[in-house]
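*Asks:* Below is the structure I would like to discuss, written out as structure tokens.
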Amino acid sequence: MNTHSAADLEKFAFDLLGAVGMPSDKAEAVSSILVQGDLMGHTTHGLALLPAYLREAQSGSMRVEGEPEVVADAPAALTWDGRRLPGPWLVLKAMEAAAARARQSGTGTVVIRRGHHIASLASYHERAARQGLVTLLACSDPNNASVAPFGGLDPVFTPNPISAGIPTPGEPIVMDISTSATTNGLTGRLHSEGGRLPAAWVIDGHGQATDDPSVLFNEPKGTILPLGGLDSGHKGYGLSLLVESLTAGLSGHGRADPKEGWGATIFLQVIDPEAFAGRDQFLRQTGELVRQCHASRPSQAGRAVRMPGEKGFALAREQREKGVVLHPSILPALQPWAEKLSVVMPP
């Protein structure tokens, strides 16, 4: 299989973004987060997003110049209007602001309305966890709807992911969970390839659960099921409502407002354990938690219990050393952009 160095891929993405007018600090943030997604195996939320980002930047739907506007500012809370600036850059900037407030007040929260798409949530947490900080990150997109409430057929939500980064004495625990049974990225890719989902994660327009993603695109259109499916989807439904309240509710911008295009409303909270029982005590507890989980007898022989994020970090280390294997659809989608913008394809 063809592989590419992570550095070459980041430079390729950086050059493409720069060619559509994105300043270097923003292009660096976006390219880094996208490649981190591919490194960790989140191939629908890595460089697969770059063609859409380039279209959005070139059309002006994603702004490339300027700073977020401060809407509200309190000692441990900050609200920004993201002005449709690049999502990864906004989140990394928010992490810095939230971490500074957390070190001073124990916790710091930044909510952002009218940001742009933020890619894979799992790509952010390691940066803060290595500093001993806990992070919570969630997002929604009030401009789109593909997930129905439990018991309904008409979509209200986006997949509304919620994620966390938890420091331990070793690798951080990183979880990134859609509050729906699957994502728009995976269903769209499988639909284009004529593939099937691993389980009945969607329902057709008549309320029948299926593994066929094409029901999301046929009339009457189906929807993605909440996390838990037809059996226990009330749990994912509740989590979707939580994400909406943390993002749209706290930022004051969501489904009650006119649609503006593909984007994200973002909730980010950073917690400093030092302000509570202390960082050492926190690590003592999380370290023992990891030990007990790893020591649990595997339900399937030869498949030891893993912590959330463990597989992604191992894959990222391997791919940084041996080269990144991209999904076969990614570079063909980017080649026309490279030719149009006179950017050299990665070796």
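*Asks:* Farthest toward the dipole's positive end in the stretch 1-104, which of Thr79, Ser59, Ser5, given Cβ charges of +1 (Lys, Arg) and -1 (Asp, Glu) about the Cα centre?
*Replies:* Checked the options; the winner is Thr79.
*Asks:* Find me the longest stretch of the chain that has none of the exposed trypsin sites (Lys or Arg not before Pro), where exposed means in a DSSP loop (not H, G, I, E or B) with at most 15 other Cβ atoms within 10 Å.
*Replies:* The longest uninterrupted stretch comes out as 1-129.
*Asks:* Separate question: State to the nearest 20 debye the size of the charge dipole of the chain about its Cα centre, where the only charges are +1 on K and R beta carbons and -1 on D and E beta carbons.
*Replies:* Dipole of the chain, to the nearest 20 debye: 500 debye.
*Asks:* Using the Cα centre as the reference, give the magnitude of the dipole from point charges on the C-beta atoms of the stretch 266-319 (Lys, Arg: +1; Asp, Glu: -1; all else neutral), rounded to the nearest 20 debye.
*Replies:* Approximately 360 debye in magnitude.
*Asks:* Please list, in order along the stretch 276-287, the HN-Hα scalar couplings obtained from phi with the Karplus expression 6.51 cos²θ - 1.76 cosθ + 1.60 (θ = phi - 60°), rounded to whole Hz, x for Gly and Pro.
*Replies:* Each residue's phi maps through the Karplus curve to give 10, 7, x, 5, 4, 5, 4, 5, 4, 6, 5, x Hz.
*Asks:* Related question: For the chain, modelled as a Gaussian network with Cα springs under 10 Å, which listed residue fluctuates most, Met22, Met175, Met307?
*Replies:* Result for the chain, Cα springs under 10 Å: Met307 fluctuates most.
*Asks:* Starting from the Cα gyration tensor of the stretch 166-309, take the square roots of the eigenvalues, sort them a ≥ b ≥ c, and report rounded, prolate or oblate (rounded when a/c is under 1.5, otherwise prolate if a/b is larger than b/c, else oblate).
*Replies:* Since a/c reaches 1.5 but b/c is at least a/b, the shape of the stretch 166-309 is classed as oblate.
*Asks:* How large is the Kirkwood hydrodynamic radius of the stretch 182-224, in angstrom, based on all distinct alpha carbon pairs?
*Replies:* About 9.8 Å, per the Kirkwood formula over Cα pairs.
*Asks:* Follow-up. Could you go through the stretch 90-104 in sequence order and give the Karplus-derived ³J(HN,Hα) for each residue, using 6.51 cos²θ - 1.76 cosθ + 1.60 with θ = phi - 60°, rounded to whole Hz, and x for Gly and Pro?
*Replies:* Karplus-based 3J(HN,Hα) across the stretch 90-104 equals 4, 5, 5, 5, 5, 4, 4, 5, 5, 5, 4, 6, 5, 5, 8 Hz.
*Asks:* Considering the options Ser32, Gly287, Leu227, tell which one lies farthest towards the positive end of the dipole of the chain, charges being +1 on Lys and Arg and -1 on Asp and Glu at the Cβ, about the Cα centre.
*Replies:* It is Gly287, whose Cα lies furthest towards the positive end.
*Asks:* Stokes-Einstein diffusion coefficient for the chain at 4 °C in a medium of 1.567 mPa s, Rh from the Kirkwood formula over Cα pairs: what value in µm²/s?
*Replies:* After rounding, the answer is 62 µm²/s.
*Asks:* Check which residues have an amide H placed less than 5 Å from Ile173's amide H, if you skip close sequence neighbours.
*Replies:* Residues meeting the criterion, in which the H sits 1.01 Å from N, are Ile166, Thr168.
*Asks:* Can you tell me the relative contact order of the chain? Whole percent, Cα pairs under 8 Å, sequence separation 6 or more.
*Replies:* Value for the chain: 22 percent.
All of the numbers you see were taken from the coordinates with simple rules; none came from a lab. Note that this is a predicted model, so its numbers are computed, not measured. Positions of Cβ are backbone-derived with ideal geometry, glycine not excepted, and every protein chain shown enters the neighbour counts.
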